[in-house]
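**Student:** Pasting a structure below so you can have a look.
What follows is calculated from the coordinates using simple rules that are stated; it is not laboratory data. Here the structure is a predicted model, which means the values were calculated and not measured.
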Amino acid sequence: MATLLDRLLFAQGNKCFFCRRPLATGEASVEHLLGRSHGGTSADANVVACCRSVNALFGAMTVKEKLRVVLEQDGPFRCPVPAAQPAPVAASSLPGVAGRHPAVRPADQRAIVTAGADRARLDALIENLGRRGASRPRKLATLASTVNATFGKQLSEDEVQSLVGALRAEGLVHVNGEAVTYSLPATHG
Ligand SMILES: [Zn+2]
């Protein structure tokens, strides 16, 4: 017997209700337009099949909030890219490290958001190191702990190394063995 999801997918031509891209059963889920937590039922009139990612995004939103999400999109609606898909952003692909990003394709949006967050961290780090003047760390290990301390020691070892790598890629930090030197822009004020 066909499940509700199968029936909905069939009725929608095996496409996502929101983004209208072809949708396999394994990537689809049932979205309650009026959420169950808001009293919505599983009657056909209240359910659609859609990408799991947009179902997760909608969560317990009200219908009004969901409509806003859909209407706020520029151009055709695109469901969010599932978290498992985007490749990790290499330091060398950060904006400013390897030049400006070319036109952004929708599938890359999540990756660009990550790059933006890394860029913000990198800028904060450059500012912090700039302010330290002569008291900048002289050893790689000290630099790593300074990087982590800049962000309240909340970073993973990978994140610390990625930021140090980005500083080196921008030519701001030079590492020779364990010794660290700087070519930081002059800090004003
Ligand atoms: Zn979709």
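**Student:** Indicate the gyration tensor shape class of segment 4-72 (rounded, prolate or oblate), computed on the Cα atoms with a ≥ b ≥ c the square roots of the eigenvalues: a/c under 1.5 is rounded; otherwise a/b larger than b/c is prolate and the rest oblate.
**Tutor:** Details: a/c = 1.93, a/b = 1.32, b/c = 1.46.
Cα axes put segment 4-72 in the oblate bin.
**Student:** In sequence order, what are the phi-derived ³J(HN,Hα) couplings for segment 141-157 according to the Karplus relation 6.51 cos²θ - 1.76 cosθ + 1.60 with θ = phi - 60°, rounded to whole Hz, with x for glycine and proline?
**Tutor:** 5, 5, 4, 4, 6, 5, 4, 5, 5, 4, 10, x, 6, 9, 8, 7, 4
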